[in-house]
Amino acid sequence: MEICILASGSKGNCIYLSGGGTSLLIDAGLSAKETLRRMDVAGIDKETVKSILLTHDHGDHCKGIRILSTKLDAELYANAGTATSLESQDPKLQRGFTLFDDCGSFEINDLRIEPFQVPHDASDTVGFILNDGICKVCIVTDIGQPTTLVKAKMQDCNMIVVESNHDYDMLMESQRPWSLKQRIAGRSGHLSNEDAAELVTETISSKLKHIFLAHLSEDCNTPHLASSTMRMALKTIRFSDIPVEVASQHKVSNLIRF
Ligand SMILES: [Zn+2]
Ligand SMILES: [Zn+2]
């Protein structure tokens, strides 16, 4: 399996993953032009990417879907809540989605995909487990709180991409309006560094080989704070040898191979 984070944060999200004879993108929150440019930078063969999975209908996850899916000739996958919302915003997307069920699983070639619900203030947000029979990856960003379901899904994963959105003190000290601070820190908002560290340490196993911290706030967090909070938590439970990589808004990540 291969994974590369092309962009992560409130200005656009997109993850490339290849495994089980399938290459796909998760979310398309950059412009199509910028997504294609970043795929070139990462050395991704664009011809092979024929599917785009959507987590939810916020613009930082969906902005590029119509043009990108046309340029790549890729099928769009979403649950009914997300598809209905996006179709109402852009009539040209009507009947353009392959629908999946939040509680089920489906396969594209030999890649098994398990969506699962997460609490977030969009129409119907999901995280994904992707499994090619060798490697199991959990992708969970835009999540207000770590529910029992999220914790269950994260068990036994080889790699996780987990939101580490903000440092709570930086958020509270920021110039943002109180209502926005409450929304971000609330049960349908975004995970703090401390929340992410707690979630990972509660669900970790010896199978975990790589952690990506994702969807960092540019104003209320720093890559150093996010990674040091996670590393400190891992050290406490004697898992300090697991690589922790912070995904960037502006640069493609390393291409991780399993
Ligand atoms: Zn987002
Ligand atoms: Zn969102």
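The values are calculated or read from the model by the stated rules, or taken from the named source; none is laboratory data. Model, not experiment: these values are computed from the prediction. Here the Cβ is made from the backbone with ideal geometry for all residues, glycine too, and neighbour counts use every protein chain on show.
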Notebook entry, point to check: Just one of Lys71, Lys136 is away from ligand 2 (no atom under 16 Å from the Cβ), of a type in the set (Lys, Arg) and more than 27 Å from Ile211 (Cα to Cα); which is it?
Noted result: Lys71
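Filter the stretch 58-93 down to residues that are assigned to a helix (DSSP H, G or I) and among the charged types (D, E, K, R) and give me whichever is surrounded by the fewest Cβ atoms within 10 Å (Cβ to Cβ).
Among residues in the stretch 58-93 that are assigned to a helix (DSSP H, G or I) and among the charged types (D, E, K, R), the one surrounded by the fewest Cβ atoms within 10 Å (Cβ to Cβ) is Lys92.
Residue-by-condition table, conditions (1) surrounded by fewer than 22 Cβ atoms within 10 Å (Cβ to Cβ); (2) within 19 Å of Asp27 (Cβ to Cβ); (3) of a type in the set (Gly, Ala, Ser):
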residue	(1), (2), (3)
His190	no, yes, no
Ser206	yes, no, yes
Glu218	yes, yes, no
Asn221	no, no, no
Ser240	yes, no, yes
Notebook entry, point to check: In the stretch 146-196, which residues are among the hydroxyl-bearing types (Ser, Thr, Tyr), more than 30 Å from Leu17 (Cβ to Cβ) and free of Cβ contacts under 8 Å to residues at least 40 places away in the same chain?
Noted result: Tyr168, Ser179
Item checked: Residue within the stretch 31-48 that is within 16 Å of ligand 1 (Cβ to nearest atom), of a type in the set (A, V, I, L, M), surrounded by 14 or more Cβ atoms within 10 Å (Cβ to Cβ) and not in a helix (DSSP H, G or I) present -> no
Item checked: Top-ranked residue in the stretch 115-131 [being within 16 Å of ligand 1 (Cβ to nearest atom) and crowded, with 20+ Cβ neighbours inside 10 Å; ranked as farthest from Ser105 (Cα to Cα)] -> His120
Margin query: Can you tell me which residue is farthest from Cys4 (Cα to Cα) among those in the stretch 223-234 that are more than 19 Å from the chain's Cα centre (by Cα) and crowded, with 18+ Cβ neighbours inside 10 Å?
Written below: Ala233
Next item on the list: Take the stretch 132-146 and flag every residue that is more than 16 Å from ligand 1 (Cβ to nearest atom) and within 11 Å of Cys157 (Cα to Cα).
Entry: Ile134, Cys135, Lys136, Val137, Cys138
Check: Name the residues in the stretch 118-151 that are among the acidic types (Asp, Glu) and within 10 Å of the chain's Cα centre (by Cα), would you?
Finding: Asp142
Item checked: Residue among Ala74, Ala83 that is under 17 Å from Leu24 (Cα atoms) and either at pLDDT below 95 or of a type in the set (Gly, Ala, Ser) (or both) -> Ala74
Next item on the list: Can you work out which of the residues in the stretch 18-29 that are away from ligand 2 (no atom under 16 Å from the Cβ) and in a loop (DSSP other than H, G, I, E, B) is surrounded by the fewest Cβ atoms within 10 Å (Cβ to Cβ)?
Entry: Gly21
Checklist line | Answer from Ile15, Ile3, Ile52 - the residue that is part of a strand (DSSP E or B) and within 16 Å of ligand 2 (Cβ to nearest atom) | finding: Ile15
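Could you say whether any residue in the stretch 40-50 is touching a His at 6+ places or on another chain (Cβ under 6 Å) and among the hydroxyl-bearing types (Ser, Thr, Tyr)?
No, the stretch 40-50 contains no residue that is touching a His at 6+ places or on another chain (Cβ under 6 Å) and among the hydroxyl-bearing types (Ser, Thr, Tyr).
Might you let me know whether the stretch 238-254 holds any residue that is small (Gly, Ala, Ser) and within 16 Å of ligand 1 (Cβ to nearest atom)?
Yes.
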Notebook entry, point to check: Looking at the stretch 200-216, which of its residues are in a loop (DSSP other than H, G, I, E, B), under 18 Å from Gln249 (Cβ atoms) and either touching a Pro at 6+ places or on another chain (Cβ under 7 Å) or more than 16 Å from ligand 2 (Cβ to nearest atom) (or both)?
Noted result: Leu216
Check: Do we find a residue being within 16 Å of ligand 1 (Cβ to nearest atom) and of a type outside the set (A, V, I, L, M) anywhere in the stretch 13-20?
Finding: yes
